[in-house]
Amino acid sequence: MTVKGCEPFLQAYDIDVNNGDTILDALHKIKDVQDGTLSFRRSCRSAICGSCAVNINGAPKLACKTQILPEFEKHGRLTIEPLSNFPVIKDLVVDFDSFWEKVHKIEPYLTPKESSAKTKDKDGFWIIKKQDALKIDDVSNCIFCGSCYSACNTMAVDNQFIGPAALAKVWRFAGDVREGNNKKRLAKVSEDHGIWSCSRCVECTQVCPKDVKPLIAIEDTRAKAIKAGIKDNAGVRHVESMVDSVKRTGLLDEATMTVKTLGFMRSLGIIPLGLKMEFHGKMPLPNLFKSIKGIEEVKKIYEEVEKKGSRVKAGTHPKDGWGS
Amino acid sequence: MVSHDVLIIGAGLAGMRAAIEAARQGLNAAIVTKVHPVRSHSVAAQGGINAAIGENDSWDAHAFDTVKGSDYLGDQDAIEIMCKEAPKDILELDSMGAIFSRDEKGRIAQRPFGGAGFPRTCFAADRTGHALLHLLYEQVVKCGIGIYEEWFVLSIVIEDEKVCGIIAMDIRTGILHRLQAKAIILATGGYGRVYRNSTNALINTGDGMNLALDAGAPLMDMEFVQFHPTTLKTTGILVTEGARGEGAYLLNSIGQRFMSKYAPNALELASRDVVSRAEQQEIEEGRGIDGCVLLDLRHLGEEKIKERLPQIRSLAIDFEGIDPVKEPIPIKPGAHYSMGGIKTDLSGATKVKGLFAAGECACVSVHGANRLGGNSLLDTIVFGRRAGISASIYAKENNIKEFPDYQLKETAHSIAVITNRRQGERGSVIRDELANIMIKNVGVFRDKERLFAAKEKIKELKERYNHVYLEDKGDIFNTELLETIELKNLLTIAECIVLGAINRTESRGAHFRLDYPKRDDETWLKHTMFYKKDDEIKIDYKDVAITKHKPMERKY
Amino acid sequence: MKYAYYPGCASQTITKEYDSTTKKVCKILGIELLEMTDANCCGAGLITDYNYELSITLNARIFAIAEKMGLDIMTICSTCLMIMSRANKELKEFPKLLKKVNKTLEKAGLHYSGNVKVTHFLWTLSQDYGLDKLKAMVKKPLKDMKIAPYYGCHILRPSNALGFDDPEKPVSLERLIETLGGDAMPNEGKTRCCGFQIVLVTQETAVDMIGNRLKEAKDAGGKCMVSPCPLCHINLDSYQREAEKKTHQKFEMPVFHLSQIVGLALGMSIDELELGRHLVSPENAITTVVGD
């Protein structure tokens, strides 16, 4: 039991388990029979309210939809702990305050753009094409359970990072054809601790119990921010130098990328490291003249795709099956 | 002391819709809720929300279907309002940014639902409640409405027959707080946990109905409990009526679509009371499979199941180990919805001045003896909005009242009595016994003998409740204490259901008496009213509002 | 056993030693590598951040080349593995997408039919080559070498595009280490992130991640680490001094490339393994085994 001011510790319970019993069933059995002090959150017990996410053998999962026996068989033990990256209030109950603050910070509501006869029907209802609705289908499944926030690698070292759930929520609006406030929202999340702080560790997308795929939302949001011209940050410079490098040589040109991403002045700051790498033969030298043989093919691909200017959206297709 | 113009208790669809309305009126509104808003049970609604927005549909047809569905117990003036205002409310949700599923032309799609003569149910795949609850939460954030999150309301304080505020416990600290308010809106949802087999969230313990009873506002029609025909075998988790709306079949153990016997025209899409009884009869007559019948979606095809019913598919796979693309799902009826609740007028006002109610905890009554699928979400939105408006008007016309000191002491004392008990019985035992007797004796089929046995059992459990003790003596996040207070609420609700059911010697809608299988309009075309006096439940009756539709025999 | 070999950009420049030692090891084992010298960069996800269609089409070009060679692709970079696997999965699952991508490819004289598999050197060793066969090739078991396995992210997640190890409980590195005669030191950071993708963007955050990973390996009793990914290697090795400075601790944690620990057990010399190219010298960690 973790109480403010006490050192946290693990407590063991023995329970009888039936095939099909869930972690939430186990928690109830413990609370009802063995230990009334055990505290945890729960509500719908059908994986839609997001109350009961906990760490089960180290991975965040919904207690209500996780069966005990397969977990136990896989790990040979059953350790249930509060979510990571949240302060603990008591036992399995964690403090969601900063999680919600971050969700609120992205202005999580539609600011409708001006409508026209094309966008609304005669009764005033929005007209939304199916393929447009699909773009935000995955992110609209989010139940704010906090699993992604708990698993997030950036969050573990940067508690100001806005986090995958809030960023998925950004795409919920940024990807909505009705939204009229995109520029402002995208500019906001392009600031420090926003979209460009994600290290692409894929944990969020792996652990999400509702297949929201926050990483794809982050990638989509990044692309949209670049398209909207919000480019004055290291994240975009990093991307653009890659895009340029591949277009020019077919390969990644590490040296140019470093200089471009960090800016000339800042790249000087990594000179000590650079010198050391040079000594070991590791300092990447600008790749300006070397390119792959088939570079013309690569250039053709760039030309064709950029000519169309369109985006195929596989990431938000309900059947694309990316994620856990 | 902190004070608000309008305090809303509960943050489901009705509560948040009411709060948004109060904020729009320029008032200082705040929400008190025992769980974070998006954890509210509205989130679990699946199938959809009804509104006559189709080309050849009309609000009048919607109203008739609702009146018929209610087995003529619904108040027709209220039903007319709901059906007339529905399209505008859907339009508003759409403007706020709701993600309703679309048809080929990009317009809001509508699916057929039970008891409806027209495909009238707007939906967001099979997670409509989730879509709308998150939508309204977004709007609450946008309006900057204050939320007392994870605060549990212990009592509504009344002075001179008017509300003056509430006493609530901050669950995180265990500290009791007083909040003053000019008007209070109860929007606490249902009480499904009274029953063992229930689609309801574990938080649905009828708290608001008890607060109202204690404050002097009567409940109405509590004997009418809807049993949803399709709930999962082991967990009782809901499988939306939308599944049948999309074309799923109900089969018995010999592979018959048995609904043809019970509702030759509407078949699987008869109203819920009819379908649940048919299933129960099949099971009791030996044509069930392990206490269940089968819901077969296979002929819909994988693509349609994935597009229209993705959540149902996940739920069946995760909780029952069955992929509905490949196998039929074993299902059975389970407690789902409370037609009864806190009696309100058309504006959401209760008998107590300054006290309003909306949503499942309230009873206007638009659902009468049986609610149609797709009408509960509509009820929350229409009457949540209306309660928000009338509470705001009331708040503008009245001042903050003095908060009497003794109330806090009394409430604190009542908690201390529980926490100070050093021995006795664990509340969970009583809770389980209650849930078991209710499903066994006060379920789909009822009779005098079983009802009286339930009454006796509840009396016994109420007595035993006085000896419940807690293992958790701490202040911080003491969920054992919360569950114990909720248990008291469940006991009172169960008592109302049973008393109402004993008295009503007829069968109407969801209330079916094996010993009185016919509807009896002469004696029983009336609402049951429940009052609490000196800790006893007293019953009275009230006429039904009938405007256009004279009671007729109900056939599907 | 023959693969279209895709070393990835990093191993053609900064971590050249990973590429060359992989080639040497494969030669000893009899795994034939036909290098895809004309392949382009996979985009490392950065091109996805810019334009999804461009990213998937560039990856399709890689697959088209392999398909022409009639071979499956083997890479030694986890990020290339993940980016290519994800693109390949989408191209295979959505015929419409494949069609659209081919329309563009055809303008460049290429075509992809969706018949290429992408694998990683670690998977090749674990499954296609087989650990029993590998064990038989071991000349100098890595006896008493306490090696902390480090998977990182992109060889594990998203599991439905990769699907080799269970990201909650990966085992292939441990099994490989044990096959080579070493001690695999269980450490809780082995599936966490090294921060490579943001080291040029938010260096502070990345360096904190690096520090944590090194600390977890050290706390678990690891005397060295092994990484199947050149990008993780760059961070854990080249930025180790930065991490030490920022966290005020000394790690002295050498990080081996996957190919190097295999090569070591196969009896290759320190020079052959090009260990001198590491910033943190691994020689102390292996003195016990390379005696002669």
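The values are calculated or read from the model by the stated rules, or taken from the named source; none is laboratory data. Every value quoted in this text rests on a predicted model; they were computed, and no experiment measured them. Here the Cβ positions follow ideal geometry from the backbone for every residue, glycine too, while neighbour counts run over all protein chains shown.
Among A:Phe40, A:Phe9, A:Phe86, which is aromatic (Phe, Trp, Tyr) and crowded, with 21+ Cβ neighbours inside 10 Å? Before the answer, list the steps.
Working: A:Phe9 fails: crowded, with 21+ Cβ neighbours inside 10 Å; A:Phe86 fails: crowded, with 21+ Cβ neighbours inside 10 Å.
It is A:Phe40.
Would you mind stating whether C:Tyr6 is touching a residue at least 40 places away in the same chain (Cβ under 8 Å), under 16 Å from C:Leu122 (Cα atoms), among the aromatic types (Phe, Trp, Tyr) and out of contact with any His (no Cβ under 6 Å at 6 or more places or on another chain)?
Details: touching a residue at least 40 places away in the same chain (Cβ under 8 Å): yes; under 16 Å from C:Leu122 (Cα atoms): yes; among the aromatic types (Phe, Trp, Tyr): yes; out of contact with any His (no Cβ under 6 Å at 6 or more places or on another chain): yes.
Judged against the criteria, C:Tyr6 is a match.
Against the definition (modelled with pLDDT of 95 or more, more than 14 Å from every other protein chain (Cβ to nearest Cβ) and within 18 Å of B:Thr205 (Cα to Cα)), how does B:Asn489 come out, yes or no?
Working: modelled with pLDDT of 95 or more: yes; more than 14 Å from every other protein chain (Cβ to nearest Cβ): yes; within 18 Å of B:Thr205 (Cα to Cα): yes.
Spelling it out, B:Asn489 is indeed modelled with pLDDT of 95 or more, more than 14 Å from every other protein chain (Cβ to nearest Cβ) and within 18 Å of B:Thr205 (Cα to Cα).
Table: residues versus (1) surrounded by fewer than 24 Cβ atoms within 10 Å (Cβ to Cβ); (2) touching a helix residue (DSSP H, G or I) at 6+ places or on another chain (Cβ under 8 Å).
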position: B:Ile322; (1), (2): yes, yes
position: B:Lys326; (1), (2): yes, yes
position: B:Ala335; (1), (2): no, yes
position: B:Ile342; (1), (2): no, yes
position: B:Leu346; (1), (2): yes, yes
position: B:Lys351; (1), (2): yes, no
position: B:Gly359; (1), (2): no, yes
position: B:Gly374; (1), (2): no, no
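So, of the residues in segment A:236-252 that are facing another protein chain (nearest Cβ under 7 Å), hydrophobic (A, V, I, L, M, F, W, C) and in a helix (DSSP H, G or I), which turns out to be farthest from A:Lys299 (Cα to Cα)?
Restricting attention to segment A:236-252, the residues satisfying the condition of being facing another protein chain (nearest Cβ under 7 Å) are A:238-239, A:242-243, A:246, A:250-252.
From what is left, the residues that are hydrophobic (A, V, I, L, M, F, W, C) are A:239, A:242-243, A:246, A:251-252.
Then drop every residue that is not in a helix (DSSP H, G or I), which leaves A:239, A:242-243, A:246.
Details: A:Val239: 17, A:Met242: 14, A:Val243: 11, A:Val246: 9 Å.
Once the filter is applied, the top-ranked residue is A:Val239.
With the requirement that a residue be within 26 Å of B:Ala217 (Cα to Cα) and either without any contact (Cβ under 8 Å) to a residue 60 or more places away in the chain or in contact with a Ser or Thr (Cβ under 8 Å, 6 or more places away or on another chain) (or both), what does segment B:469-486 give you? Full working, then the answer.
Of the residues in segment B:469-486, the ones within 26 Å of B:Ala217 (Cα to Cα) are B:481-486.
Once the filter is applied, which keeps residues that are within 26 Å of B:Ala217 (Cα to Cα) and either without any contact (Cβ under 8 Å) to a residue 60 or more places away in the chain or in contact with a Ser or Thr (Cβ under 8 Å, 6 or more places away or on another chain) (or both), segment B:469-486 yields B:Leu481, B:Glu483, B:Glu486.
Which of the residues that make up segment C:246-292 are charged (D, E, K, R), assigned to a loop (DSSP other than H, G, I, E, B) and modelled with pLDDT of 90 or more?
Residues of segment C:246-292 that are charged (D, E, K, R), as a first pass: C:246, C:250, C:252, C:271-272, C:274, C:277, C:283, C:292.
When the remaining residues are screened for being assigned to a loop (DSSP other than H, G, I, E, B), the result is C:250, C:252, C:274, C:292.
Once the filter is applied, which keeps residues that are charged (D, E, K, R), assigned to a loop (DSSP other than H, G, I, E, B) and modelled with pLDDT of 90 or more, segment C:246-292 yields C:Lys250, C:Glu252, C:Glu274.
Return the residue satisfying two criteria in turn: it lies in segment C:184-205 and is touching a residue at least 40 places away in the same chain (Cβ under 8 Å) and not in a loop (DSSP other than H, G, I, E, B), and of such residues it is nearest to the other protein chains (Cβ to nearest Cβ).
Only one residue tops the list, namely C:Gln197.
Before we move on, is C:Lys143 of a type outside the set (Phe, Trp, Tyr) and more than 12 Å from chain A (Cβ to nearest Cβ)? Working first, answer last.
Working: of a type outside the set (Phe, Trp, Tyr): yes; more than 12 Å from chain A (Cβ to nearest Cβ): yes.
Here the answer is yes, as C:Lys143 does meet what is asked.
Can you pull out every residue in segment C:170-183 that is in contact (Cβ under 8 Å) with a residue 60 or more places away in the chain and assigned to a loop (DSSP other than H, G, I, E, B)?
Of everything in segment C:170-183, those that are in contact (Cβ under 8 Å) with a residue 60 or more places away in the chain and assigned to a loop (DSSP other than H, G, I, E, B) turn out to be C:Leu180, C:Gly181, C:Gly182.
What number of residues within segment C:206-220 satisfy the criterion of being away from every other protein chain (no Cβ under 13 Å), surrounded by fewer than 23 Cβ atoms within 10 Å (Cβ to Cβ) and either in contact with a Gly (Cβ under 8 Å, 6 or more places away or on another chain) or under 26 Å from A:Ala255 (Cα atoms) (or both)?
Counting residues in segment C:206-220 that are away from every other protein chain (no Cβ under 13 Å), surrounded by fewer than 23 Cβ atoms within 10 Å (Cβ to Cβ) and either in contact with a Gly (Cβ under 8 Å, 6 or more places away or on another chain) or under 26 Å from A:Ala255 (Cα atoms) (or both) gives 0.
Conditions first: (1) modelled with pLDDT of 95 or more; (2) more than 24 Å from A:Asp132 (Cα to Cα); (3) surrounded by fewer than 24 Cβ atoms within 10 Å (Cβ to Cβ). B:Cys83 passes all but one, so which condition is the exception?
(3)
Given the options B:Leu461, B:Leu434, B:Leu481, B:Leu408, name the one that is assigned to a helix (DSSP H, G or I) and in contact with a strand residue (DSSP E or B) (Cβ under 7 Å, 6 or more places away or on another chain).
Numbers: B:Leu461 fails: in contact with a strand residue (DSSP E or B) (Cβ under 7 Å, 6 or more places away or on another chain); B:Leu434 fails: in contact with a strand residue (DSSP E or B) (Cβ under 7 Å, 6 or more places away or on another chain); B:Leu481 fails: in contact with a strand residue (DSSP E or B) (Cβ under 7 Å, 6 or more places away or on another chain).
Just a single option satisfies the conditions, and that option is B:Leu408.
Can you give me the ranges of the strands (runs of 3 or more DSSP E) entirely in segment A:1-102 with at least 1 residues that are small (Gly, Ala, Ser)? Walk me through how you get there before you give the answer.
Values: elements: A:53-56, A:59-62, A:88-90.
Correct list: A:53-56, A:59-62.
Looking only at segment C:221-229, decide whether some residue is surrounded by fewer than 24 Cβ atoms within 10 Å (Cβ to Cβ), within 14 Å of chain A (Cβ to nearest Cβ) and either free of Cβ contacts under 8 Å to residues at least 60 places away in the same chain or out of contact with any His (no Cβ under 6 Å at 6 or more places or on another chain) (or both).
There is no residue in segment C:221-229 that is surrounded by fewer than 24 Cβ atoms within 10 Å (Cβ to Cβ), within 14 Å of chain A (Cβ to nearest Cβ) and either free of Cβ contacts under 8 Å to residues at least 60 places away in the same chain or out of contact with any His (no Cβ under 6 Å at 6 or more places or on another chain) (or both).
Quick one: how many residues across segment C:82-93 are at the interface with chain A (Cβ under 10 Å from one of its Cβ atoms) and either surrounded by fewer than 19 Cβ atoms within 10 Å (Cβ to Cβ) or of a type in the set (Asp, Glu) (or both)?
Counting residues in segment C:82-93 that are at the interface with chain A (Cβ under 10 Å from one of its Cβ atoms) and either surrounded by fewer than 19 Cβ atoms within 10 Å (Cβ to Cβ) or of a type in the set (Asp, Glu) (or both) gives 2.
Listed here are the residues, each with its yes/no results for (1) in a loop (DSSP other than H, G, I, E, B); (2) over 13 Å from the mean Cα position of the chain (by Cα); (3) among the aliphatic types (A, V, I, L, M).
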{"position": "C:Gly8", "(1), (2), (3)": "yes, no, no"}
{"position": "C:Ser20", "(1), (2), (3)": "no, yes, no"}
{"position": "C:Thr37", "(1), (2), (3)": "yes, yes, no"}
{"position": "C:Gly45", "(1), (2), (3)": "yes, yes, no"}
{"position": "C:Thr48", "(1), (2), (3)": "yes, yes, no"}
{"position": "C:Thr57", "(1), (2), (3)": "no, yes, no"}
{"position": "C:Glu67", "(1), (2), (3)": "no, yes, no"}
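Exactly one of these conditions fails for B:Val140: (1) aliphatic (A, V, I, L, M); (2) surrounded by fewer than 22 Cβ atoms within 10 Å (Cβ to Cβ); (3) within 14 Å of chain A (Cβ to nearest Cβ); (4) under 16 Å from B:Leu7 (Cα atoms). Give me its number.
Here B:Val140 clears every test but (2).
State whether the residues of segment A:179-189 include one that is surrounded by 24 or more Cβ atoms within 10 Å (Cβ to Cβ), modelled with pLDDT of 95 or more, of a type outside the set (A, V, I, L, M, F, W, C) and touching a helix residue (DSSP H, G or I) at 6+ places or on another chain (Cβ under 6 Å).
no
Return a yes/no flag: does segment B:172-183 have any residue that is in contact with a Lys or Arg (Cβ under 6 Å, 6 or more places away or on another chain) and crowded, with 20+ Cβ neighbours inside 10 Å. Can you show your working first?
Of all residues in segment B:172-183, those in contact with a Lys or Arg (Cβ under 6 Å, 6 or more places away or on another chain) come to none.
No.
Hey, any hits in segment B:187-203 for a residue that's touching a residue at least 60 places away in the same chain (Cβ under 8 Å), more than 30 Å from B:Ala278 (Cα to Cα) and not basic (Lys, Arg)? First the steps, then the outcome.
At the first step, the residues of segment B:187-203 found to be touching a residue at least 60 places away in the same chain (Cβ under 8 Å) are B:187-201, B:203.
If we keep only those that are more than 30 Å from B:Ala278 (Cα to Cα) as well, we get B:187-188.
Subset that is not basic (Lys, Arg): B:187-188.
Within segment B:187-203, one or more residues are touching a residue at least 60 places away in the same chain (Cβ under 8 Å), more than 30 Å from B:Ala278 (Cα to Cα) and not basic (Lys, Arg).
Can you name the residue in segment B:32-57 that is of a type in the set (Gly, Ala, Ser) and surrounded by fewer than 24 Cβ atoms within 10 Å (Cβ to Cβ) and, of all such residues, is nearest to B:Cys361 (Cα to Cα)? Even if it seems obvious, please write down each step before you answer.
First, the residues of segment B:32-57 that are of a type in the set (Gly, Ala, Ser): B:40, B:42, B:44-45, B:47-48, B:51-52, B:54.
Restricting the remaining residues to those that are surrounded by fewer than 24 Cβ atoms within 10 Å (Cβ to Cβ) gives B:52, B:54.
On the way: B:Ala52: 25, B:Gly54: 30 Å.
Among residues in segment B:32-57 that are of a type in the set (Gly, Ala, Ser) and surrounded by fewer than 24 Cβ atoms within 10 Å (Cβ to Cβ), the one nearest to B:Cys361 (Cα to Cα) is B:Ala52.
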